[in-house]
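Structure record follows, encoded as structure tokens.
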Amino acid sequence: MRGRATLLACALWLTVTRVQAQKSDVLVILEDQQLKSTHSIFFGHLRQLGYQLDYRSADDKKLQLRDWDSWLYDKVICFAAAVPEFGGAADAQALLEFVDSGRDLLLATDSSASDELRELTAGVGVDLEPQGRAVIDHFSYALQSLTVDHTVVSGQAALAASAVLGGPIEAPVLFRGIGASVAPESELVLKVLTAGSTAISAVPGKPLTEAPTLAGNETTLTAAIQTRNNARVTVCGSIDLFSNEFFRWSPVVVTPGQRVGQSGNRAFATQLAEWTLQDRGRLRVSKVRHVLAGTSETPQRYRIRDQVDFSVDIHEWRKGSWQPFKADDVQLEFVMLHPYLRVNLAHNNKGTFSTRLSVPDVYGVFKFVLNYQRPGYSHLFVSEQAPVRPFKHDEYERFIPAAFPYYASTFSMMGGFFALTLLFLYHKRPLP
Amino acid sequence: MSSAQRAEGQLVKQKPVAQKEVATISNGDIDLPVSSADLKSSRAEKLNRSAAAQIINGFALLGICVLAFCIRLFSVVKYESVIHEFDPYFNYRVTGFLTREGFYNLWNWFDEHTWYPLGRVIGGTIYPGLMWTAGVLYNVLHLLNIPIHVQEVCVFLAPLFSAFCALSAYLFVKEIRGQGAGLMAAAFTAVVPSYISRSVAGSFDNEGVAIFALIFVFYLYVKTLNTGSLAWATASAMAYLYMVMSWGGYSFIINLLPIHCLACVFTGRLSHRLYVAYAPLIVMGTIGAAMIPVVGFNAVLMSEHFGAFFAFGVLHGALFIRYVKSVLPAKAYQAAKTLVLTGGVAIIGVLLALITGYVMASPTFGWTGRSLSLLDPTYASKYIPIIASVSEHQPPAWPSYFTDIHVLVLLVPAGLAACFRPLSDASLFLILYGVTAVYFSGVMVRLMLVLAPAACCLGGVAAHEFLLALTRAIRAPNLAPSPVTDASVSLLDTAAAPSPAPKSKGKGKSSAAKAEKAKGKGVTAESMFDFLDTSGKGRIPRDVAWIGLVAATLGLIFYIGHCVWVSAEMYSAPSIVLQTRDPQGGVHVFDDFREAYGWLRFNTDPNCKVASWWDYGYQTTAMANRTVLVDNNTWNNTHIATVGRAMASPEKKAWQIYRDLDTEYVLVVFGGFIGYPSDDINKFLWMVRIGGGVFPDIKEKDYLAQGSYRVDDQAPPALLNCLMYKLSYYRFAEASTMVTGRYGFDRVRNTMIGKTDISLQYFEEVFTSEHWMVRIYRVLDRPNRETKLKNPRRAKPPRRSSSSSRPRSASGAPPK
Amino acid sequence: MVAGSTGWVLAICLCLSFAAAKPRHSASEASPSDARLAELEHLASQTKDHVIQLNTAAFDRFAGGKRRPYALVIFLTARHLVDKPQLQLGKLRREFGLLSSQAAKSGNERDAAGLRHFFIVLDFHDSEPVFHRLGVNTLPYIFRLPSSKAIEAGAIKLRPDDQMRMEDYSSFPWSANDMAGFLQEKTGISVGTIDRPSLFNSRLFPVLALAFVAAGTYVAYRIYYLPILKNLGLWLAASLVVFWFSASGGMHNIIRGVPLVMPDMKTGKVQMFLQQAQGQLGAEGFIMGTLYTACGLSVAVLTWLAPNLKDRGIQRGVSYLALLTGLVSFYQVISNYRWKTNYRMGWFF
């Protein structure tokens, strides 16, 4: 009845499907087949990672994601902008359901993003700018760009996203496309690439009549989303960011006067793709067990003031295999209505996190709760119900020294009563 | 003990008279020839002692028991052998646990399926008498290789014990007024409606056995009072222990006995028999009561028990005074008396101060809320909404008396009068029992149950004497004294009241003086009525007697008819299965509750938590076997208030509260579809009150429109937006057009509902029973993706609104 | 109360004298308002419970004008209605007095803006025109007059949330706590817990208790030896009274607080029996209880009293009387019961 491991974020479930669907098909939706050649380096890298790519054009009539209840792909990469709507059965709603089923999506679009794509991005909490606008930066733009309207801007990779990118990227990341905005109280969306402080989002070539609604660091160029069931979605406002041209762009000269040998696009794009396709920052939890201290059996319910050993295995997917996860900030809570205990889990380097805790002096239906949420890593949520009962009638302490007077009084009382009875029975007093 | 024998001897005299009448009553009609024939037979002295009388008596009792058992089977005949409404399901569950796990595991049972996440220590918080009785019965039957399911045992336990109750009523009254009255009382008890209401087959509740225990304790107490033997005293203490472990109502006994003791002491009825009857019962009973976990130290700490100890002290004081009087010369005694009286006042003052100090220390003055609401009738309605909200705690109006004890309410005054002539210790006890019970029944309709046996005993005495007088008048030759009259009159004077002659042997002249006093009092009582002739030879005119006899007969027949009808029509409905009759006489059955609980049992995770109003907690745990937040054992007001607050809050807030409590399903009972009046909308104001009692953000006046509670379009927004309203009326408007052709017409409130387009965002409907009486909703998970967050920089809202704006369950399955 | 009433009389006299001294609407002229403040404080200190009774002239004087450096909490009453049971003006007036004296005791009669609040009583007889200007035609009527409210001659329009409305308070008559809640809601003044004058928290309570105990024991001792207590008839009567009271649902009447009789809505005559199956009226219950008892007593009479009467004639009469009483009351009980609950008992054969 008490399920061993309830992983609400179903990291375990994900891993199970991954393991047997390893390196499975990736659907690549392209606006036109040209992109296959212009972005060959990027796709080549993916192929090196071992993915088999299935190229389809966005308006392919036979485009479909699922066959009745079974999904045909595990990952979708979508480079599309102006398509009014996808062909076949793959529309924005279908893609959102694809994500809700725990699968991953890498989406790159452009200034001409269609409403279909807007709905798609809005569905994951990223609001693209209106059609036609682009990110323009008249102060720091890439020189010798083919265009003169300063739409090739350099974005900074956010430090917070280093877990996503596998480390900070100093080189400027060139970007040409549409900006997006993210709700301030958003919990799931992570801004990976943001525009410089002088950037604005406007229609190129048109004079600005009023202040731009979106400008400066708020302009999100690339956002990485990890949904609550650990599906990963990446929304990038620029298709060119992944192109060979931007990869090879060198030397990069960004006004004013900043000169870098090589653009950071290649590292950025490949790392981002690896994260999105669940090749990095993936955790799994297994073997959740809590036993009475010293023993190896899990009682149906603990007793107050018991000693309990709790342990759990956490592994990380690295280099194509599950490696022990190493972290010192994994915490365990012992909760009834509110946490009674919150302890750090210590790990031996083999991926087993464990601790010993003593049940508080309160009975009730407690829960072991492990809730581990770090940017770039899968959310881990473990909740284990563990009722705590009071003492049984025969588990209380016997013969407390403090009670000796009472024992004495009891026995003296018995003796006295006995004596009195004897006296009463055998001592006759003549009635007056 | 010669006194007891004499009493017996006189009792035997009038045995045949009453028992045959009662025997015929129990068959439902009285015909004159029989009873008059009996009177003739009773004229022959020797036949009275013959075995025939005893045999007839035994058969009469047997018939009464059979009647008492059978009249309670209507519920099984009309419906099925099923446990009734709410509390019985908990008792049934506990009994099942007892038979499965055994005695000690029940004692230490910590139940994590109720009051999540607090849990409840069952073993220490229940009165285990009922379950133990059922368990023992179950084991015995299985020992005899009768493989009967525990549910059947539970269903038929109450009728069985009501038969026992009739027997003990017979014994009780027999001790007071002899066999005839005893049989009469037994017959009344067997069918009294008030008791039937709590002991029909299937209502497996504490009262079922407790009332038997109550009367049995009284019988043993009176028996001890009459015989003065320690053996009976021990037996009564044991019976009292059984009563304590069966029902919280034992505090009635522990307060009634001291009253009687004091009354005896102060009316000069102090005797060694009283001492033997009272003192051991208090001592052993208190020690025994303290061993029941649920009572524990309350047996000496709660104010309900102080009266007993006080009377205990007074009793010893009186005995001591008597002893002093017996050893001191008269003059010295007078001096001592004045001395003691002056000193005693001071001591009493100090004692009172101490007790008041202790009592004032506790907020409720050391009384449990329920007993306080007895002493101060308006207490509960003011301070404890959770007690006042229970329907059986309401004060009764006059019709409920006639419904519940029918002609007995007319006989009680006569019974009181009967007990006053002559006044014996035993009849004094019956008087006190009757008076206190009738007072308490006036406060709570539930305590009508305590009144019923008292009314039966008093009514039995009255009816017996009445019929006796009438028949005597009918068959007597005018003004001709007949031997039987002396017999029966002398019987009236001294029945079951052993004359103090023998005890004066035992205790010297002091008790003799008391006896003098008692006699003197009797004289003064009589001397006021000197226009009476106390010879007892008088008769009422024969024609009057005839008419009276016919009227009495008709009245008794009417009583039986009423009881049968009430039992069949009013008290046999097991409130989980409902019936209606359409004009054609066809029966339509509403079995929604079991349907819904069955759905929960077979379609949800065994570990999931179900939230509902506390009325349905016991049923959910017993029938659906799921964890509930609150149930009918209302031990934690705050937790109940939390649920009430959630029900009274707007959807999002309620969703948050339920998620914090790990609730997965919310169950509401809704009657507007088929007109089932006692649904959650009608109980809603209590949720608001109880919730508001703890959480001040819930205010009752927000849910009232000009002080009136209404669900139509006049209803205030707080009500229209609260969760309970939404869950009850979700999708109701369309459906209501199918039953009543009108859009959104509520058949309970008889109005059009105020809000017909109800959409749920944080809950999804997963089950609605056939007649919509039970609706179950699932509490949705947090959304998988973030959509529709507030974003000031959003250029303009997307033209097509993303249809996946509502939270998704973890499985991502779109809601039906 | 006596002292209090004398206090009002004094206050009234003072008001009258002021009114005589000054012409009406003197407030609109340049009269230093703090003088009025001082006078009001003086008046308040005069009375026992700091409630000032004003008449028309005094009202115009103190309440008139564009704005005042103080606010008024006004309670409207009428002498000729004080003994109306459903209005309970007397009780309300006492509660009002409790509130004001408590405010005076706790010392915070000033709201956040530092405005002093005075508690005023207007009686219909002294200040009928004010009632008309307020457009008040129902009592009880408690309202607050903010300092910024301009009062000229002619009708006075009050904001509805400046007065206590029936529907906002579940219990009527309003207790002092309700009024304090109203005050706090409107002005933020919290007068603290209303302490009612009661015996228990007086200082010499223990002494009184001891004296009571002593006297009680003495009286009990005396009563205990009264010969009348030896009379069983008395005790029988007492127990019968208890039965009668309970069986007639007396407790129900107390707890539910139902009236004895109710005036019928349609026909003006009083209604003794409640028309619905649930609940009862006071008189109804007591009538039925009397019927119960009468029937029982007639049985008792037939059983014990009548047979033992010496005189045959009396005996016959008494017997017939008792029999008749019993039968009639029995019939009445049955028919009333059927009428009330309209249960129709079936015989199943």
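The values are calculated or read from the model by the stated rules, or taken from the named source; none is laboratory data. The shown structure was predicted, so the numbers you read here are calculated from the model rather than taken from an experiment. A quick note on method: Cβ atoms are made from the backbone with ideal geometry, for glycine too, and the neighbour counts reach across all protein chains shown. With ligands, DNA and RNA removed, areas are computed over all heavy atoms of the protein, side chains included. Shrake-Rupley method; radii C 1.70, N 1.55, O 1.52, S 1.80 Å.
Can you tell me which residue among B:615, B:631 is buried (at least 23 other Cβ atoms within 10 Å of the Cβ), away from chain A (no Cβ under 14 Å) and acidic (Asp, Glu)?
Only one candidate passes the filter, namely B:631.
Which of the numbered conditions does residue A:181 fail, given that it passes all the others? Conditions: (1) touching a residue at least 24 places away in the same chain (Cβ under 8 Å); (2) open to solvent by 30 Å² or more (accessible area, probe 1.4 Å).
Residue A:181 satisfies all of (1) touching a residue at least 24 places away in the same chain (Cβ under 8 Å); (2) open to solvent by 30 Å² or more (accessible area, probe 1.4 Å) except (2).
Please verify whether residue B:253 is open to solvent by 10 Å² or more (accessible area, probe 1.4 Å) and either without any contact (Cβ under 8 Å) to a residue 40 or more places away in the chain or closer than 22 Å to residue B:322 by Cβ (or both), treating the condition exactly as stated.
So residue B:253 does not fit the description; no.
Tell me, which helices (runs of 4 or more DSSP H) lie completely within region B:85-153 with 2 or more residues that are without any contact (Cβ under 8 Å) to a residue 40 or more places away in the chain and more than 27 Å from residue A:388 (Cα to Cα)? So that I can check it myself, show each step before the final result.
Working: elements: B:87-101, B:103-107, B:122-125, B:129-143.
Ranges flagged: B:129-143.
When you scan region A:30-75, how many residues do you find that are in a strand (DSSP E or B) and closer than 20 Å to residue A:271 by Cα?
Quick first cut of region A:30-75, residues in a strand (DSSP E or B) only: A:30, A:52-57, A:66-67, A:70-71, A:75.
Cutting the leftovers down to closer than 20 Å to residue A:271 by Cα gives us A:52-53, A:75.
Number satisfying all stated conditions: 3.
Let's see how each residue does on (1) polar (S, T, N, Q); (2) more than 30 Å from the chain's Cα centre (by Cα); (3) assigned to a helix (DSSP H, G or I):
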site	(1), (2), (3)
A:234	yes, no, no
A:250	yes, yes, no
A:268	no, no, yes
A:275	no, no, yes
A:278	yes, no, no
A:284	no, no, no
A:287	no, no, no
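Matching residues to (1) modelled with pLDDT under 90; (2) over 36 Å from the mean Cα position of the chain (by Cα):
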{"site": "B:20", "(1), (2)": "yes, no"}
{"site": "B:24", "(1), (2)": "yes, no"}
{"site": "B:28", "(1), (2)": "yes, no"}
{"site": "B:51", "(1), (2)": "yes, yes"}
{"site": "B:62", "(1), (2)": "no, no"}
{"site": "B:84", "(1), (2)": "yes, no"}
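Which one of these does residue C:314 not meet: (1) part of a helix (DSSP H, G or I); (2) facing chain B (nearest Cβ under 8 Å)?
(2)
Kindly list the number of the only condition in (1) facing chain B (nearest Cβ under 9 Å); (2) surrounded by fewer than 21 Cβ atoms within 10 Å (Cβ to Cβ); (3) within 19 Å of the chain's Cα centre (by Cα) that fails for residue C:278.
(3)
When residue A:285 is evaluated against the numbered criteria (1) away from chain B (no Cβ under 14 Å); (2) open to solvent by 10 Å² or more (accessible area, probe 1.4 Å); (3) within 26 Å of residue A:99 (Cα to Cα); (4) at pLDDT 90 or above, which criterion, by number, is the only one it fails?
With respect to (1) away from chain B (no Cβ under 14 Å); (2) open to solvent by 10 Å² or more (accessible area, probe 1.4 Å); (3) within 26 Å of residue A:99 (Cα to Cα); (4) at pLDDT 90 or above, residue A:285 is out only on (2).
Across region A:91-134, what is the number of residues that are among the charged types (D, E, K, R) and not in a loop (DSSP other than H, G, I, E, B)?
8
Residue-wise test of (1) of a type in the set (Val, Ile, Thr); (2) closer than 23 Å to residue B:414 by Cβ; (3) part of a helix (DSSP H, G or I); (4) outside the structural domain of residue C:239 (by TED's automatic domain parsing).
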site: C:283; (1), (2), (3), (4): no, no, yes, no
site: C:293; (1), (2), (3), (4): yes, yes, yes, no
site: C:305; (1), (2), (3), (4): no, yes, yes, no
site: C:326; (1), (2), (3), (4): no, yes, yes, no
site: C:330; (1), (2), (3), (4): no, yes, yes, no
site: C:337; (1), (2), (3), (4): no, yes, yes, no
site: C:346; (1), (2), (3), (4): no, no, no, yes
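Scan region B:716-739 for residues that are within 13 Å of residue B:758 (Cβ to Cβ), open to solvent by 30 Å² or more (accessible area, probe 1.4 Å) and either in contact with a His (Cβ under 6 Å, 6 or more places away or on another chain) or modelled with pLDDT under 90 (or both) and jot them down.
B:734
Out of everything in region B:567-586 that is part of a strand (DSSP E or B) and either of a type in the set (Lys, Arg) or open to solvent by 50 Å² or more (accessible area, probe 1.4 Å) (or both), what residue ends up being nearest to residue B:620 (Cα to Cα)?
B:579
Which one of B:800, B:742 is part of a loop (DSSP other than H, G, I, E, B), modelled with pLDDT of 75 or more and surrounded by fewer than 18 Cβ atoms within 10 Å (Cβ to Cβ)?
B:742
Which residue out of A:18, A:103 is under 21 Å from residue A:283 (Cα atoms) and at pLDDT 85 or above?
Going through A:18, A:103 in turn, the sole match is A:103.
Looking only at region C:287-298, how many residues end up being open to solvent by less than 20 Å² (accessible area, probe 1.4 Å) and within 7 Å of chain B (Cβ to nearest Cβ)?
Result for region C:287-298: 6.
For the subset of region B:634-644 comprising residues that are under 27 Å from residue B:759 (Cα atoms) and surrounded by fewer than 24 Cβ atoms within 10 Å (Cβ to Cβ), which member is farthest from the chain's Cα centre (by Cα)?
Across region B:634-644, the extreme among qualifying residues is B:642.
Can you pull out every residue in region B:402-422 that is closer than 20 Å to residue B:221 by Cα and in contact (Cβ under 8 Å) with a residue 60 or more places away in the chain?
B:419, B:422
Name the one entry in B:265, B:276, B:294 that is touching a residue at least 12 places away in the same chain (Cβ under 8 Å) and in a loop (DSSP other than H, G, I, E, B). Give the steps one after another, and end with the answer.
Values: B:265 fails: in a loop (DSSP other than H, G, I, E, B); B:276 fails: in a loop (DSSP other than H, G, I, E, B).
When all the criteria are applied, what remains is B:294.
Suppose we filter B:713, B:757, B:697, B:781 for residues that are open to solvent by 50 Å² or more (accessible area, probe 1.4 Å), within 14 Å of chain A (Cβ to nearest Cβ) and either of a type outside the set (S, T, N, Q) or closer than 30 Å to residue A:232 by Cβ (or both); which single one remains?
B:781
Among the residues of region B:145-152, are any touching a Ser or Thr at 6+ places or on another chain (Cβ under 6 Å), farther than 30 Å from residue B:451 by Cα and within 14 Å of another protein chain (Cβ to nearest Cβ)?
no
Considering region B:708-744 alone, what residues qualify as being touching a residue at least 40 places away in the same chain (Cβ under 8 Å) and of a type in the set (Phe, Trp, Tyr)?
Residues satisfying the conditions are B:725, B:729, B:730, B:732.
Confirm whether residue A:301 is touching a residue at least 40 places away in the same chain (Cβ under 8 Å) and among the charged types (D, E, K, R).
yes
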